[in-house]
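Working notes for the structure below.
The values are calculated or read from the model by the stated rules, or taken from the named source; none is laboratory data. Just so it is clear, the model here is predicted, and its values are computed rather than measured. Please note: Cβ atoms are built from the backbone with ideal geometry, for glycine as well, and neighbour counts cover all protein chains shown.
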Amino acid sequence: MNGRELHIVLVEDDDVDVMTVRRAFEKNRMTNPLHVASNGEEALELLRSGAVPQVRRLILLDLNMPKMNGIEFLKHLRADPEHQSSSVVVLTTSNEERDVVEAYRLHVAGYLVKPVTFDNFVDLMATLNKYWTLVEMA
Amino acid sequence: MRPTYTPPTPIAELSGQALQRELERLRILASRDRGLLDAILEHSPHGIIICDAAGRFVVQNRASERIWAGSSSATKVSDWNVYRAFHEDGTPFRPEDWAMAECMRTKRPVAAREYRIQRFDDSFGYLLGSSAPIIGREGELEGAMSVFADITQLKESEQQNQRLQSELGRRVQELEQIAARAALLQRVTAAIGNASTAEDIARVVTTFGSEVFGADASLCLVRHDDKLRLMASVGVHDDELASYREVDIQASVPMARVARENKVLWLSSPAEIAAEAPMSPALLGGHGLEAKLILPLQDEGVVFGVLAYWFRHAPALLSVRREFAETVALQCAQGLKRARLFERERRARRSLQAQQRRLSILAQASKALSTLDSREALAQLARSVVPELTDWCAIDEKTPDGQIRRLILEHRDPAKLAFAAELDRRYPPSIEDPHGVANVLRTGEREWAPDISDELLVTMTKDAEHLRLARALDLRSYAVVPLLAHGRVFGALTLVTEGERRLSKEDLEFAEELGSRAALALENARLYETAEAARNHLHDIFMRAPAAIAIVRGCDLQVELANQPYEQLMGQGPLTGRPILEREQLRVHPVVAPLLELAVTRTPKIIRELCVPGSNGSDRYFHVIYQPLRSPSDQDDGVTTFAFDITEQVVARQRIERLMAEVASREARLKALVAATAAIVWTANARGEVIETSDTWLEFTGQSEAEYQNGGFLNAIHPDDRAKTMELWTAAVGAAAPYGAEYRLRRRDGTHAYMLARGMPVFGADGTVQEYVGCNVDITGLRQAEEAARGHAEALQTLNDLGMVISAELDRDKCVQAVTDAVTTLTGASFGAFFYNVLDEQGGSYMLYTLSGVPREAFSKFPMPRNTAVFAPTFTGQGVVRVDDITKDPRYGHNSPHYGMPKGHLPVRSYLAAPVTSRSGEVIGGLFLGHDRASVFDARAETLAVGLAAQAAVALDNARLFAEAQRLIRALESTNRDLDQFAYVTSHDLKAPLRGISSLAAWIEEDLGVTLAEGTREKLQLLRGRVKRLEALIQGILDYSRAGRTDGKREMLTLDKVVAESVELVSPPTAAEVAVGEMPIVVVERVALQQVFMNLIGNALKHARREDARINVSATELGSMIECRVSDNGPGIAPAYHERIWGIFQTLEARDRVENTGIGLSIVKKIVEGRGGRVWVESTEGQGATFCFTWPRVEDRRVV
């Protein structure tokens, strides 16, 4: 909004899903910088590289990924003192209870189940953006 | 003939001849007239005297001479007094008094006047004459004429007449007077007659007297002893009256004198009055009296009063009047006498009436008092005297503690009653009061105050207020009489009057009479009440007497009196007053029959014991006494029957007899019993010394009598037991308590037998111990049996424990060890071993073993027992092998390599082996027991071993099954996990690309936007549709794989709740209706059942093909299952497809028409069948469909 933008880190392995997010952002004229990592390991590297500012960052996390899946990544994240306080919103297709429970146990800020339809996804992103914008301002 | 008088023709007018003629005529006339006149004068009967103006008599006719008996001439008027006349008053006439003189004076005639004359012969007479003046022509007086007639005779006759008349008048008057007097007398008499009281009479007399006699005042006094008392007076001033109220009969006043002397006194002048009564005061208001008339009132010579009449002006007391007065006095006297008599009579009558009234009251009171309700009687008594005799009546009684209690208070006016009650409440009477009831109660004397003076009121009241109130009651007189009974004062009767009424002496006596009657009546009432109470009491006692009593009299034996027990005994209802003989049942009644006998034989008093048969075999017995009654004349008058129910005694007696017989028989039996059971019977005295001999003891122990007595019995007892036995015996004797001991007693043959010794103290009537009686029982066998039983019990316990262990313990090895230990212990083996087969992972079997009684090392070196002759039976499961000494058994020692036991093997002589066979018949293993001694194992041990082996088999089976189950469970869990993982991964990984495809297709459409051709768009739509379908199918597979595998716990649910939730989750459209019927309660896993319902209901809604879908869900219990039905009003399903629809991915419509995975029903089927249920459909095309399934009502605790 005023230079203090929220950086969105998208941890997602599926290209189409990434495209979905990008399109959703475009649709809503969301200009937040979007960083993409295709699995947990890459995401950690990305965060530690400093490419993403410490504060004002939101991690959208997919759970099913190769090498290091979302839950594992979360564990690492929460174990890392530097990054443990990062806000994470899980964005996944899985609605398995055990995933939900585990995610919340690792202090995610939200758990969103990816619908298949695009429009809902767009709305979802818009809502997210708005929410985080508001929250950040407080 | 009247002299004619022709008016003279005036002379002047006449001439000579005429004159002459006239004169001649006149002379003729004149002579004629003269002649007439002379005739008249001569013959007139009347005397005529004519005089001239000087009074000289001109003419006096013959009549006049006759009348006057002479005549005299008179030349002047003053001479006329020769003619003598008198005025009325006797004064002589003066000449000018004559009428003639008067008329000459007045020149007017004087009409007829009467004169009383004295004739010239001195006789007297009367004249009636008139005089007229003669007036000349010029009016001058010429003379007078007087014409008179002798009316002497007339007068005399007139006078005579007058005299007669006056006489007549006088007589008439007299008669009138007499008549008046008579009438007056009559009136007086009548008035007197009407007057009833003396006062009235007196009043009458005085009033009349005044009238009659014209008296100004009259008084009537009546004699009372020595005094004259004023009864009535008229005309006397009040202040003077005072002195006449009472006159002493000896006083020197006229009245007294008259009374004393019985003479009429007539004082006709003040002088006489003064002479008679110089002291009499000035009367009549200061005016003096002129006359007094005092008459005595007497009857038969006795003066009883005086009548006095006073006159201001003395009347002429004619004798007639006097007589009259006397008559009046007499009348009065008689009247007074009569009045007195009448008065007396009336008083007497009144008194009589009063007396009669009193008597009637008394009679009424007596009648009232004749009621036995004393309270009522008193009330009635009080009511009978109030208000007739008195105004107040009160009855008080003396309470036992000496206080006054008011029983009755009566007055006509209830307000006054209330007032009096209030007064009593405020100032309650106390027994200390000096007057009234208290006084009477204390002294027993009556109290009478005929006139309550104010002072008396003051003394009787307690304070000023009390006095005021008492005064307000206006009580005038009272009488209080005591109520006495047997000389004791128990109450008081009070009468009080108000106003004018006073209580006289008669009233007092009457009160006493009443009081005494009341007292008597009360006493009677009380006595009666007491008597009545006593009578009632007696009657009660009679009626409730424990015996049946009846009195009969007469030849027909009429029941005079029968009490209730008697009537009950007869059982014929009430009997009193009826003849006994009237009823057949009575006559033949056993209690009645002797009556007849008595009546006939006349014996004195019969006593019988009778039996009265009861209705249901319960006979009753009676001790009956028949007592003849003797009347006062010593005649036999009847019979009294007393029947005492002695059934109980008789029954008791009978029972005692029976008991005694029983006792006798029991005693015999006891004796026999004792003889049968007890080995020994003995006795000891109260001090515990054995004195009497005991044959049985001697027989048993072989001791002699001498050895036995004086404590010698101890010697037969085992030495170890002697001390204890003696201790117990001494203690028991000391405490007079039962004795019991066990000891070994030496038999005759020297062996010891276990004896149970028991002794009981025998108490006498005084409670002290008379002796001890005892018996000894041989319990050797018992002891032995006990031992055996104990052994059995132990074994059972062990077996039981073992059983519990086995059933609880699923660990095979532990089970087996337990069994081995148990069997070794129980059989008494020194060691035991259990060899058993197990299957390894590969399915091969091998042998394990447990040991008991020896450590494992003892056998570790040795190989497994093999199929030798000894072991074969066991391992082949043939049967139990029990050998007393294995080393001597023919089967032993034939097998290599050891040919017997291996070296180092524990020595075994006794051998017991049992196979352990599973339920399937397979030999699982064998139990081997050994003992180094021979013949240790008996049949019991064998049985034990077999039993234990069986238990071991069961345990092993269970353990095996359990292990198997565990293994399967683990495998299943593992599979499930794999499946879950697979499903999860699959769904995610399969769905991801689908998502991508869908999104890309959408983006392509978007990107191309309007440039997109319609066909292309359509294709893209189709593309996305297919993607969706694929996703649905994938989800379906996932669901299917997961279906039925929830691990929720069972809950007790009402099915309708489950169904309702399912319906909600399905969210039917508003037009659709899902009806849920009554559902049973189940204990199931909710989620699974819900899934089934959701699928079925969802299906019904999806395939309804109508807005108003109607779905009915119902469930019924079917034994251990429930049957659920979901029916809809959809298109229905043709029977051809009833099976196919349950298959996975099966749809009845092309997916392009209805998007349907076709998974739902297969899921339902999987879940239901997984639970052990069944699914099916009932439907025909066009008739809707009903999907049914069964489900267990209570699910097992299954781990799936």
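Summary of values
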item	result
Residue satisfying condition, being outside any helix (DSSP H, G or I) and within 22 Å of B:T1157 (Cα to Cα), within set B:G1025, B:G1098, B:G1044, B:G1036	B:G1044
Condition met for B:A472 (of a type in the set (A, V, I, L, M, F, W, C), modelled with pLDDT under 85 and surrounded by fewer than 18 Cβ atoms within 10 Å (Cβ to Cβ))	yes
Residue count, segment B:905-952 (criterion: within 18 Å of B:G791 (Cα to Cα), touching a residue at least 60 places away in the same chain (Cβ under 8 Å) and assigned to a loop (DSSP other than H, G, I, E, B))	2
Output for segment B:556-569, where each listed residue is in contact (Cβ under 8 Å) with a residue 40 or more places away in the chain and out of contact with any Leu (no Cβ under 9 Å at 6 or more places or on another chain)	B:E560, B:P565, B:L569
Criterion violated by B:Q572 - all others in (1) assigned to a helix (DSSP H, G or I); (2) without any contact (Cβ under 8 Å) to a residue 24 or more places away in the chain; (3) touching a Lys or Arg at 6+ places or on another chain (Cβ under 8 Å) satisfied	(1)
Pairs where the first residue, in segment B:980-996, is within 8 Å of chain A (Cβ to nearest Cβ) and farther than 13 Å from A:T92 by Cβ and the second is in a helix (DSSP H, G or I) and of a type in the set (D, E), C-beta under 9 Å, 6+ apart	B:L994/B:E1031; B:G996/A:D15; B:G996/A:D17
Count of segment B:1174-1191 residues which are modelled with pLDDT under 90 and under 26 Å from B:E1117 (Cβ atoms)	1
Every pair of residues 6+ apart whose Cβ atoms lie under 7 Å, when the first sits in segment B:1016-1027 and is within 13 Å of chain A (Cβ to nearest Cβ) while the second is part of a helix (DSSP H, G or I) and polar (S, T, N, Q)	B:R1024/B:S998; B:V1027/B:S998
Scope segment A:36-55; condition in contact with a Leu (Cβ under 6 Å, 6 or more places away or on another chain) and surrounded by fewer than 19 Cβ atoms within 10 Å (Cβ to Cβ); matching residues	A:V36
All positions within segment B:998-1015 that are in contact with a helix residue (DSSP H, G or I) (Cβ under 8 Å, 6 or more places away or on another chain) and more than 8 Å from chain A (Cβ to nearest Cβ)	B:A1001, B:I1004, B:E1005, B:L1008, B:L1012
Set B:V480, B:V489, B:V552: member being in contact (Cβ under 8 Å) with a residue 60 or more places away in the chain and more than 30 Å from B:V592 (Cβ to Cβ)	B:V489
Residues located in segment A:50-63, provided they are closer than 25 Å to A:V101 by Cα and either within 14 Å of chain B (Cβ to nearest Cβ) or aliphatic (A, V, I, L, M) (or both)	A:L58, A:I59, A:L60, A:L61, A:D62, A:L63
Residue match in segment B:780-802 (condition: assigned to a strand (DSSP E or B) and of a type outside the set (A, V, I, L, M, F, W, C))	no
So B:Y739, is it farther than 22 Å from B:Q784 by Cα, touching a helix residue (DSSP H, G or I) at 6+ places or on another chain (Cβ under 7 Å) and either buried (at least 18 other Cβ atoms within 10 Å of the Cβ) or modelled with pLDDT under 85 (or both)	yes
Number of positions in segment A:78-97 that are surrounded by 23 or more Cβ atoms within 10 Å (Cβ to Cβ) and either more than 28 Å from B:D1039 (Cα to Cα) or not polar (S, T, N, Q) (or both)	3
Some residue of segment B:482-500 being over 44 Å from the mean Cα position of the chain (by Cα), surrounded by fewer than 17 Cβ atoms within 10 Å (Cβ to Cβ), outside any helix (DSSP H, G or I) and modelled with pLDDT under 85	yes
Check on A:P66, at pLDDT below 90 and within 14 Å of chain B (Cβ to nearest Cβ)	yes
Residues being among the acidic types (D, E), surrounded by 12 or more Cβ atoms within 10 Å (Cβ to Cβ) and more than 46 Å from the chain's Cα centre (by Cα) - total across segment B:557-608	2
Given (1) surrounded by fewer than 15 Cβ atoms within 10 Å (Cβ to Cβ); (2) away from chain A (no Cβ under 14 Å); (3) not small (G, A, S), index of the condition B:F928 fails	(1)
Index of the failed condition, A:V101 passing every other in (1) of a type outside the set (D, E, K, R); (2) modelled with pLDDT of 90 or more; (3) in contact with a strand residue (DSSP E or B) (Cβ under 9 Å, 6 or more places away or on another chain)	(3)
Out of B:Q153, B:Q159, B:Q177, sole residue that is loosely packed, with under 13 Cβ neighbours inside 10 Å, of a type outside the set (D, E) and in a helix (DSSP H, G or I)	B:Q153
Residue list for segment B:1107-1165, filter: aliphatic (A, V, I, L, M) and part of a helix (DSSP H, G or I)	B:A1136, B:I1141, B:L1161, B:I1163, B:V1164
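Yes/no per residue for (1) modelled with pLDDT under 85; (2) exposed (fewer than 14 other Cβ atoms within 10 Å of the Cβ):
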site: B:R747; (1), (2): no, no
site: B:M760; (1), (2): no, no
site: B:G764; (1), (2): no, yes
site: B:V769; (1), (2): no, no
site: B:L802; (1), (2): yes, no
site: B:D821; (1), (2): no, no
site: B:G832; (1), (2): no, no
site: B:Q842; (1), (2): yes, yes
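Here's the yes/no breakdown for (1) of a type in the set (A, V, I, L, M, F, W, C); (2) more than 14 Å from chain B (Cβ to nearest Cβ):
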position: A:F25; (1), (2): yes, no
position: A:A37; (1), (2): yes, yes
position: A:R48; (1), (2): no, yes
position: A:K114; (1), (2): no, no
position: A:D119; (1), (2): no, no
